[in-house]
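Engineer: Supplied in structure tokens, the structure appears directly below.
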Amino acid sequence: MRTILADLRHALRFVSRTPSFAVTVVAVLALGIGANTALFSIVNAVLLRPLPFEEPDRLVQLYTRTPDGVPFDVAPGKFYDWQRDAHSFERMAMYPCCGFRRLALTGTGSARSVRAEPVSAGFFDVVRARPALGRAFRPEEDTPGARHVVVLSDRFWRTEFGADQDVIGRTMKLSDEPYTIIGIMPPEASVASWPPMASDLWIPLALSAEERASRGHNMEGVARLERGVQLVEAQTEMDAISARLAREFPKTDGRWGAAVIPLQEAIAGNSRTMLLMLLGAVGVVLLIACANVGNLLFTRTLNRRKEIAIRAALGAGRGRVFQQLLIEALLLATIGGAVGLLVAYATLRAAAPLLGEYVPRASEISIDVHVLIFAVAVSLLTGVLAGAMPALRTARSDLNVALNVGGRANGALGIGTRRVLIVCEVALSVVLLMGAGVMIQSLLALRHADTGFDAHDVLTMKVHLIEARYPADAQRSAFFNTALDHIRALPGIEAAGSIDDLPFIDGEAQPLQRAGWAEGAANGRAVVHVRQITPGYLRAMRIPLLGGRDVALRDADVLLVSQAAAKRVWGADDPLGQRATLPVISKTALRQVVGVVGDVKQKDPSQPLTPTVYYYSADRSWSSATLVVRTSHASTTFAHSIVAAIHSIDAEQPVEDIRTMEQVIDSRLTSQRFSALLLGIFAGAALVLASVGIYGVLSYIVRGRRREIGIRTALGARTGDVLRLVIAEAMSPTLVGMVVGAVVAIASARVLKSLVFGISASDPLTLVCVTATLALVALVASLVPAYRASRFDPATVLRAE
């Protein structure tokens with residue numbers, strides 16, 4: 001320990017004597033360590049940190065599994081069958097798959113929209129979220145006709161009631177209906193990343209007997225495993241129950257199964273692959289930083305060869321020299337880690353709004369104990385990686401040679417090692433640049449993918465009617481028809497219509513049953529995406545009408561089918577005039593096909609065009625709809641006048657979620673944008689570090705070959721000859737690194753295969769552009785050392801030698 005402390009004091013003196021060198025090393029390490037720490041903080045919050053619930057490892061999400069093996073929403077009837085027969089779960093609960101309901105907070109003079117999550121009785125028992133004040137729902141309150149009760153979130157309680165402790169038992173009006181406040185949740189119960197626990201308030205689900213028996217998939221299930229029951233055991237039991245239900249309900253449950261997924265995994269979704277890929281990418285940046293620092297330390301130790309040789313002559317062994325140099329590197333890495341931790345903290349705070357948009361559980365990202373341990377471990381590992389090679393190389397140097405050269409010819413030593421470091425830097429940069437290039441092109445391809453509609457100059461907004469004011473279908477239809485008429489009358493409005501769920505926003509798939517065909521007939525039934533629209537929607541979205549006509553206000557029950565849906569159900573037959581049913585909506589209503597329209601993408605821009613059916617019923621209207629308005633130019637400028645037109649009908653009617661259709665599409669590309677953005681930043685950092693590394697090594701090599709260049713110049717070498725010599729010295733390891741990097745990039749393309757769209761992960765053109773960019777950077781980095789070499793005076797150089 002005395003020896004280590006002595007080396008540490010010597011390292012501190014060394015750092016204080018060479019502040020510029022220390023600052024350079026610390027800055028490079030802080031960049032690499034800070035980036036890694038920031039990204040690990042995200043990975044820790046999303047993938048590693050337990051959910052903020054009691055015993056979160058026992059919480060699971062319940063889904064039905066489609067015949068294709070894809071987890072899907074739950075049918076209420078099936079959920080209650082599971083609840084009755086499954087013994088692997090302590091408690092089970094249910095909530096709507098479409099997320100929270102928008103209710104209007106009325107009775108205050110001006111209505112505003114609030115988020116209300118309907119949940120079944122026992123939901124709070126499943127997640128073990130206990131009210132801080134009052135109580136949760138009782139089973140008898142989760143029935144139609146029961147008195148309206150509500151549980152408030154802590155945030156809503158403090159905002160609306162000023163944290164009044166006597167609020168329990170009071171009545172508040174939601175959509176003109178009185179609700180009795182029975183409970184207040186604690187602050188920790190609000191979990192922004194999980195919609196059921198991110199609401200302003202909670203109300204009972206209160207399904208009717210018909211809704212409870214429905215086999216339509218419109219719910220989400222959550223459950224808590226019995227203590228000691230493993231996930232695989234619960235899945236096995238659910239598979240057995242699903243097999244029995246398939247026999248009991250062959251029309252609705254045949255070939256459908258069940259999926260039991262840990263809640264944390266369900267919340268993280270597809271972000272796991274993305275985050276692990278980005279963590280690997282930022283690790284590559286750290287390796288490039290290590291190579292740069294290794295070069296700097298190598299230069300420093302070679303300049304100290306005489307000092308180290310004298311120490312060795314006085315009795316210091318190789319191990320002792322190695323230890324001293326390694327401790328110096330570890331000290332610099334520790335300082336770099338501390339600065340990097342500050343960089344990570346500042347970066348996370350500055351990027352908080354961006355992370356909130358792109359990353360699940362973003363509100364939980366912080367620098368905790370696990371992140372601190374990671375930062376310390378990365379700092380020590382970086383110090384060893386960056387310092388071991390120079391220390392080992394110097395400790396093995398020949399004592400007599402070091403004393404004889406006296407430091408005059410040190411510049412010519414270690415050139416081979418430095419070339420290897422440059423090869424590594426360039427190869428790693430190629431891999432990162434290739435990944436960033438492919439992701440950026442994929443994002444552009446997604447942004448310009450054919451969605452089947454024209455999103456330019458389209459404005460959308462959500463309207464949730466106050467149900468107490470519009471209890472009948474006819475009243476709701478009249479409101480939306482009147483609102484659309486007022487909107488169409490505004491100057492600059494080309495078309496306007498409404499739809500229940502926009503493309504890429506919610507929506508669900510349902511069966512379409514051809515009339516006159518047995519329900520079991522494969523070619524007379526298909527699962528398609530179903531949307532309810534009003535006249536004007538097709539024009540507003542510019543979805544092409546390929547045959548027949550559009551829906552009209554005079555229609556009773558009519559359908560528009562897309563090309564793919566028509567082909568699935570009617571094959572080569574003409575669908576126009578044919579009749580079909582939508583059993584989930586109504587098993588008896590026969591609807592006539594009046595038009596065939598183009599296919600659109602409903603779920604994701606990266607998915608194929610979706611078979612879709614649009615229906616219109618003059619006497620049936622949902623209480624909420626999205627208005628879609630095509631304008632003559634920049635659509636956001638019309639928002640105020642459109643909202644005013646709606647308020648001219650009902651001044652207290654909330655209008656929310658006002659976005660352009662392009663913003664709606666962008667909202668589906670958040671993970672791709674996040675990946676492309678970070679990979680681009682990492683690739684840019686790698687490019688800068690590689691160029692700095694090439695410049696530093698080349699400057700070192702030029703200094704080491706001054707005598708050779710002076711002799712060449714004295715013997716008649718021209719300026720061009722010297723320039724070619726130095727540039728070739730830079731380009732040779734660069735070209736080797738580019739070849740190695742290209743091989744690694746192609747081999748690792750499968751990692752990106754599932755994340756890209758419209759381009760191959762090993763796209764040859766991208767690879768050519770990446771290597772050309774690196775070659776250009778290497779050329780530019782070599783120009784200054786080459787110019788300096790060409791200006792050497794032979795007489796001065798040889799006299800100094």
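The values are calculated or read from the model by the stated rules, or taken from the named source; none is laboratory data. On a predicted model such as this, the values are computed, not experimentally measured, just so you know. Backbone-built Cβ (ideal geometry, glycine too); neighbour counts: all protein chains shown. Ligands, DNA and RNA are stripped out before the accessible areas are found, and what is left, the full protein with its side chains, is counted by its heavy atoms. Shrake-Rupley method; radii C 1.70, N 1.55, O 1.52, S 1.80 Å.
Engineer: Could you order HIS464, HIS87 by accessible surface area, starting with the largest, using a probe radius of 1.4 Å?
Structural biologist: Ranked from most to least accessible, the order is HIS87, HIS464.
Engineer: Using only the Cα atoms of the chain, what do you get for the radius of gyration and for Dmax, in Å?
Structural biologist: When restricted to Cα atoms, the chain yields Rg and Dmax of 33.9, 104 Å.
Engineer: Consider just the alpha-carbon atoms of segment 537-679 and return their Rg together with their Dmax, both in angstrom.
Structural biologist: Cα only, segment 537-679: 18.2, 54 Å (Rg, Dmax).
Engineer: With r as the distance between the Cβ atoms of GLU708 and ARG2 and R0 = 35 Å, compute the FRET efficiency 1/(1 + (r/R0)^6) and round to 0.05.
Structural biologist: So the FRET efficiency works out to roughly 0.15.
Engineer: Please list, in chain and number order, the residues 5+ apart from ARG135 or on another chain whose amide H is under 5 Å from its amide H, with Hs placed from the backbone.
Structural biologist: Amide H neighbours of ARG135, under 5 Å, 5+ apart: GLY183, ILE184.
Engineer: Helix hunt in the chain: which complete DSSP H runs extend at least 30 Å axially by C-alpha with mean Kyte-Doolittle at least -1.0?
Structural biologist: Helix filter hits for the chain: 19-43, 271-303, 318-350, 369-395, 415-447, 670-704, 719-747, 764-790.
Engineer: Can you pull the percent of the chain's accessible area that's carbon plus sulfur, 1.4 Å probe, other chains left in place?
Structural biologist: Reported share for carbon and sulfur atoms: 59 percent.
Engineer: Provide the convex hull volume over Cα atoms per residue for segment 241-382, in Å³.
Structural biologist: For segment 241-382, the hull spanned by Cα atoms encloses 181 Å³ per residue.
Engineer: How high is the FRET efficiency from LEU48 to ARG554, r the C-beta distance, R0 41 Å, rounded to 0.05?
Structural biologist: Here the calculated transfer efficiency is 0.10.
Engineer: Can I ask one more? Consider just the alpha-carbon atoms of segment 38-156 and return their Rg together with their Dmax, both in angstrom.
Structural biologist: Over segment 38-156's Cα set, Rg and Dmax evaluate to 17.5, 51 Å.
Engineer: For the chain, what is the accessible area per residue in Å², given a 1.4 Å probe and the full set of protein chains?
Structural biologist: Normalised by residue count, the accessible surface of the chain is 43 Å².
Engineer: I'd like the accessible area for PHE100, computed on protein heavy atoms only with a 1.4 Å probe and all protein chains in place. Round to 10 Å², please.
Structural biologist: 70
Engineer: How do THR734, THR719, THR159 stack up against each other in accessible area, from largest to smallest, with a 1.4 angstrom probe?
Structural biologist: THR159, THR719, THR734
Engineer: Now for a different question. Once every DSSP H run of n ≥ 4 in the chain is given -39500 (n - 2.57) and the sum is divided by its residues, what mean residue ellipticity at 222 nm do you get, rounded to the nearest 500 deg cm²/dmol?
Structural biologist: The helix contribution divided over the chain gives -16500 deg cm²/dmol.
Engineer: From the cross-link list LYS173/LYS251; LYS251/LYS601; LYS173/LYS603, which pairs have alpha carbons spaced over 32 Å apart?
Structural biologist: Among LYS173/LYS251; LYS251/LYS601; LYS173/LYS603, the Cα-Cα distance tops 32 Å for LYS173/LYS251; LYS173/LYS603.
Engineer: Which value results for Rg/Rh of segment 671-750 when Rg is the Cα radius of gyration and Rh the Kirkwood radius based on the inverse mean 1/r?
Structural biologist: Ratio of gyration radius to Kirkwood radius for segment 671-750: 1.18.
Engineer: Separate question: Which of the peptides 750-757, 329-336, 494-501, 468-475 is most tightly packed, and how do the rest follow, judged by the mean count of other Cβ atoms within 10 Å per residue?
Structural biologist: 329-336, 494-501, 750-757, 468-475
Engineer: Rounded to the nearest 0.05, what FRET efficiency do THR773 and ASN270 have when you use their Cβ-Cβ distance and R0 = 30 Å?
Structural biologist: 0.50
Engineer: On to the next question. Once the convex hull of the C-alpha atoms of segment 718-791 is built, how many Å³ does it hold per residue, rounded to a whole number?
Structural biologist: Taking only Cα atoms, segment 718-791 has a hull volume of 80 Å³ per residue.
Engineer: Something else about it: For ARG101, what residues show an amide H to amide H distance below 5 Å, using hydrogens built from the backbone and excluding near sequence neighbours?
Structural biologist: Here ALA116, GLU117 satisfy the definition.
Engineer: Run the quick spin-label model on ARG750 and TYR787: label points 7 Å from Cα toward the beta carbon, then report their separation in nm to one decimal.
Structural biologist: The modelled label-to-label distance comes out at 4.8 nm.
Engineer: Zone of VAL229 (label point 7 Å along Cα→Cβ, backbone N under 11 Å): which residues in segment 75-95?
Structural biologist: Only 83-92 pass the distance filter.
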